[in-house]
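Undergrad: Sending over a structure as structure tokens; questions will come in a sec.
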2 protein chains.
Amino acid sequence: MADERIWTAGLCIIGDEILSGRTQDRNIAQIAAWLNLQGIRLSEVRVVPDVEGRIAEAVNALRTANDYLFTTGGIGPTHDDITVDAIARALGIGVVVHPKARAMLEAYYADRGGINEARLRMARVPDGAELIENNLSGAPGIRVGNIFILAGVPHIATLMLEALSGKIEGGRPLLSRTIGCWVPESEVALLLGETERAHEGCQIGSYPFFRNGRVGANFVVRSIDEKALEDCIADLATRLEEEGREVVGAEI
Amino acid sequence: MADERIWTAGLCIIGDEILSGRTQDRNIAQIAAWLNLQGIRLSEVRVVPDVEGRIAEAVNALRTANDYLFTTGGIGPTHDDITVDAIARALGIGVVVHPKARAMLEAYYADRGGINEARLRMARVPDGAELIENNLSGAPGIRVGNIFILAGVPHIATLMLEALSGKIEGGRPLLSRTIGCWVPESEVALLLGETERAHEGCQIGSYPFFRNGRVGANFVVRSIDEKALEDCIADLATRLEEEGREVVGAEI
């Protein structure tokens, strides 16, 4: 158990619109949940501005510290779409027009005004890259080495993730079970820590809330081992009930 | 203009619940928008797990690269709340119980079961820190040097931001104006780049969308100079209309 290989991914969110507060990010949560299903753990996220050097720096830090790196944003046709150039710079390789991406864009734009210089920008890839296709926007995602370059628009990123599902090596999926309890977490903090220490390979997270005038908390147990997870959550419920706490069998 | 000092902040989001996809982050967008009003630019965000060394590493990178660092999460009473210890470690200083925080917690919990060891954890601060009060949870935020340690629960973080409003030195607020246009961004990409280059101190972002079966884009101009901003947005609208594009005077 303790020696089981943990596969990790970094995520780099590229875009001034996130850092300015204009746009509420949706990609962290959707990519995190998708990675769990692939048996890959999201290890770190960085959000960086549309500045080539800043993107390259984050890309190099995250791709070397993790098995995989995912990026979102900056792969459209406009002047602020510089992700491909930044990643090529980070890798020290050139940028080329991918013949298949060009053909896909030409087909997509055939009855939408035809290809032009800006649209052709979306066929540019780091040298040696493969495409991640999607049938909505015409512009593909890109895989180069252990880096997966996805769209920033969440529903297009979703399609690119679907195209990758089951195709990337990972370990066992991270499982989780949640129980709710009508208790201030500060009254059971000691109990939570003791329970976690008694169950190797399990982590317990505590997430308090205020609802209908009452204080409660959801306790989330996470593990890659289903048996260990079930044992831990059962033990946690028993310990809480032995203290007279009102446990709900699912997230409140 | 070009020499005007730009004040920047980093943001470190601490919590397994964000990296697991369980919780949709709300703090990036709210802190980014609040920082704009203070005349401070959000320069980078990192999301890191509940691991002391990982938090300390991100804290040191972000606090030294920026004027300010904000953190969210990990300041509650349970075993996974390790932000104060991690930041003290990053700074190479000790952790002490803050007398005023202790008094606040004792008062808050007087008719809620009294203080206990777990609750007292929330009075622990890096040595020399000041408190950021809020009257909702009893547990204060913490300021130490250029670091602001906020709650992870978004509406408690909001109260802590309100307590800081107007009290942190910044520059001129970053202003923005948006116009919408019923055009595929790839047809006006060249125009956007030319317009940006013609207006020093202005950045133009392009955010495409599909709505009611039509393709469009919102163009966001950002600048700290109101006159430059207005000139740029007016010029952009003129150029789009001269090309026969359907411009809407506000975000679509």
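Undergrad: Residue B:14 passes all but one of (1) of a type in the set (A, V, I, L, M); (2) within 7 Å of chain A (Cβ to nearest Cβ); (3) touching a residue at least 60 places away in the same chain (Cβ under 8 Å); which number fails?
TA: Unmet condition: (2).
Undergrad: Right, something else. Given the options A:145, A:138, name the one that is surrounded by fewer than 17 Cβ atoms within 10 Å (Cβ to Cβ), assigned by TED's automatic domain parsing to the domain that holds residue A:86 and either small (Gly, Ala, Ser) or within 21 Å of residue A:35 (Cβ to Cβ) (or both).
TA: Details: A:138 fails: surrounded by fewer than 17 Cβ atoms within 10 Å (Cβ to Cβ).
Of the residues listed, the single one that is surrounded by fewer than 17 Cβ atoms within 10 Å (Cβ to Cβ), assigned by TED's automatic domain parsing to the domain that holds residue A:86 and either small (Gly, Ala, Ser) or within 21 Å of residue A:35 (Cβ to Cβ) (or both) is A:145.
Undergrad: For the stretch B:39-59, give me each residue that is farther than 24 Å from residue B:20 by Cα and more than 12 Å from chain A (Cβ to nearest Cβ).
TA: B:39
Undergrad: Using the structure shown, decide if residue B:34 is more than 7 Å from chain A (Cβ to nearest Cβ) and under 21 Å from residue B:155 (Cα atoms).
TA: Values: more than 7 Å from chain A (Cβ to nearest Cβ): yes; under 21 Å from residue B:155 (Cα atoms): yes.
It is true that residue B:34 is more than 7 Å from chain A (Cβ to nearest Cβ) and under 21 Å from residue B:155 (Cα atoms).
Undergrad: Give the residue that is farthest from the chain's Cα centre (by Cα), with candidates limited to residues of the stretch B:189-217 that are more than 9 Å from chain A (Cβ to nearest Cβ) and crowded, with 17+ Cβ neighbours inside 10 Å.
TA: Among those that are more than 9 Å from chain A (Cβ to nearest Cβ) and crowded, with 17+ Cβ neighbours inside 10 Å, it is B:191.
Undergrad: Quick one: would you say residue A:90 is part of a helix (DSSP H, G or I) and surrounded by fewer than 16 Cβ atoms within 10 Å (Cβ to Cβ)? First the steps, then the outcome.
TA: Details: part of a helix (DSSP H, G or I): yes; surrounded by fewer than 16 Cβ atoms within 10 Å (Cβ to Cβ): no.
The answer is no for residue A:90.
Undergrad: Give me the pairs, please: first residue somewhere in the stretch B:45-64 and farther than 20 Å from residue B:8 by Cβ, second residue anywhere and among the acidic types (Asp, Glu) and assigned to a loop (DSSP other than H, G, I, E, B), beta-carbon distance under 6 Å, and either six or more positions apart or on two chains.
TA: B:50/B:80
Undergrad: Quick check on residue A:85: is it acidic (Asp, Glu) and assigned to a loop (DSSP other than H, G, I, E, B)?
TA: On the way: acidic (Asp, Glu): yes; assigned to a loop (DSSP other than H, G, I, E, B): no.
No.
Residue-wise test of (1) more than 14 Å from every other protein chain (Cβ to nearest Cβ); (2) within 23 Å of residue B:7 (Cβ to Cβ).
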| residue | (1), (2) |
| --- | --- |
| B:64 | yes, yes |
| B:67 | yes, yes |
| B:80 | no, no |
| B:96 | yes, no |
| B:112 | no, no |
| B:139 | no, no |
| B:144 | yes, yes |
| B:163 | yes, yes |
| B:170 | yes, yes |
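Undergrad: Residues being crowded, with 21+ Cβ neighbours inside 10 Å and under 25 Å from residue B:8 (Cα atoms): count how many of those fall in the stretch A:24-42.
TA: Selection size over the stretch A:24-42: 3.
The values are calculated or read from the model by the stated rules, or taken from the named source; none is laboratory data. Since the model is a prediction, treat every value here as computed from it, not as a measurement. Positions of Cβ are backbone-derived with ideal geometry, glycine not excepted, and every protein chain shown enters the neighbour counts.
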